[in-house]
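Read the structure below first, then the notes.
The values are calculated or read from the model by the stated rules, or taken from the named source; none is laboratory data. All values derive from a computational prediction rather than experimental measurement. Every residue, glycine as well, gets a Cβ built from its backbone with ideal geometry; the counts of neighbours run over all protein chains shown. Each accessible area value is taken on the protein alone, full model and side chains, heavy atoms only, with ligands, DNA and RNA left out. Shrake-Rupley method; radii C 1.70, N 1.55, O 1.52, S 1.80 Å.
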Amino acid sequence: MTDQVLDDLARRVMLDAAHLEYGDLLEELPEHDFSPEFERKMKNLIRQADHPVRHRLLRTGQLVAALVALLLLLTVATAAAGYDIWRMLAEWTAEQITLAPGQIEYIDPDDLHIPKEPGEYTDLQEALTAYGLNRSVVPKWLPEGFVLYDLVIYGDEASKDIVFHSSYQRSEDFLIVQVNIYLEDENRSQDNFWDFQKDEGDPIPYEAGGITHLLTTNAGRPVALWANGPAECCISGDITMEELKQMIDSIYE
């Protein structure tokens, strides 16, 4: 590897590290002259680079160290950025999780078909379609043996939200799929989403259909929470985590 290649690579490493650390702040820095002491040190480094063997090895070692430092910086920054992204989607404690402010796109009641009294529906999808929600939120697949046990709809334009709560049963096992629709309200002072119970630990993101679903557990039972437009969606029950993921995948098939 020639000195010029080493120079170019080292400069690229340092610039990448600087941009990663300071981002757009670099573009905001005013132009300035370097101090005489800094320029003197830089000239010494340049003169050292003219020695073909000893300093080339030294510079190569410095470059390797810089590359290792950059990789460590990238790893830490990526992990931190990922954590911050999930914190933008939801807020949680050791016992509860709720969608973060701004995750729900409130819908105009006039864009829905809200009846004065809830009707009779054969399944959750039929109910949501009847109300005019055109979003993919209902699993098309359920673990074997589960059948619809109950479907409850409550809330109206006056309450500013509508809750679709469907429960399924398989012998002694239960499974819940809930969809909450939030309506526009000019008098709303802050977001007031549901608090869902969870076990201790951070939720795990699961991507499907272009949407991030946050996976956790409650009393050891898998739980998924996510937002899709005006809908706050949750699945929980006596199933495995793999079955939960399969349910989520089926929503977008």
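Filtered by the rule that a residue be assigned to a loop (DSSP other than H, G, I, E, B) and either acidic (D, E) or open to solvent by 60 Å² or more (accessible area, probe 1.4 Å) (or both), the range 115-135 gives K116, E117, P118, E120, T122, D123, N134, R135. Examine the range 168-180 for a residue that is closer than 20 Å to D238 by Cβ, hydroxyl-bearing (S, T, Y) and under 26 Å from the mean Cα position of the chain (by Cα), and state whether such a residue exists. No, the range 168-180 contains no residue that is closer than 20 Å to D238 by Cβ, hydroxyl-bearing (S, T, Y) and under 26 Å from the mean Cα position of the chain (by Cα).
Under 20 Å from Y252 (Cα atoms) and either part of a strand (DSSP E or B) or open to solvent by 30 Å² or more (accessible area, probe 1.4 Å) (or both), is that true of K140? Against the criterion (under 20 Å from Y252 (Cα atoms) and either part of a strand (DSSP E or B) or open to solvent by 30 Å² or more (accessible area, probe 1.4 Å) (or both)), K140 qualifies.
Of the residues making up the range 154-171, those that are open to solvent by 20 Å² or more (accessible area, probe 1.4 Å), at pLDDT 95 or above and in a strand (DSSP E or B) are H165, Y168, Q169, R170.
F174 - would you say it is open to solvent by 60 Å² or more (accessible area, probe 1.4 Å), part of a strand (DSSP E or B) and touching a strand residue (DSSP E or B) at 6+ places or on another chain (Cβ under 6 Å)? In short, yes.
Number of residues in the range 143-153 that are open to solvent by 50 Å² or more (accessible area, probe 1.4 Å) and either of a type outside the set (V, I, T) or within 18 Å of L183 (Cα to Cα) (or both): the value is 4. Of the residues making up the range 90-114, those that are farther than 10 Å from L183 by Cα, among the hydrophobic types (A, V, I, L, M, F, W, C) and open to solvent by 20 Å² or more (accessible area, probe 1.4 Å) are W92, A94, I114.
Considering only residues of the range 224-253 that are crowded, with 19+ Cβ neighbours inside 10 Å and of a type in the set (V, I, T), which is farthest from E200 (Cα to Cα)? Filtering the range 224-253 for residues that are crowded, with 19+ Cβ neighbours inside 10 Å and of a type in the set (V, I, T), the one farthest from E200 (Cα to Cα) comes out as I251.
For the range 202-223, check the following and say yes or no: at least one residue is part of a loop (DSSP other than H, G, I, E, B), open to solvent by 30 Å² or more (accessible area, probe 1.4 Å) and in contact (Cβ under 8 Å) with a residue 60 or more places away in the chain. Checking the range 202-223: at least one residue is part of a loop (DSSP other than H, G, I, E, B), open to solvent by 30 Å² or more (accessible area, probe 1.4 Å) and in contact (Cβ under 8 Å) with a residue 60 or more places away in the chain.
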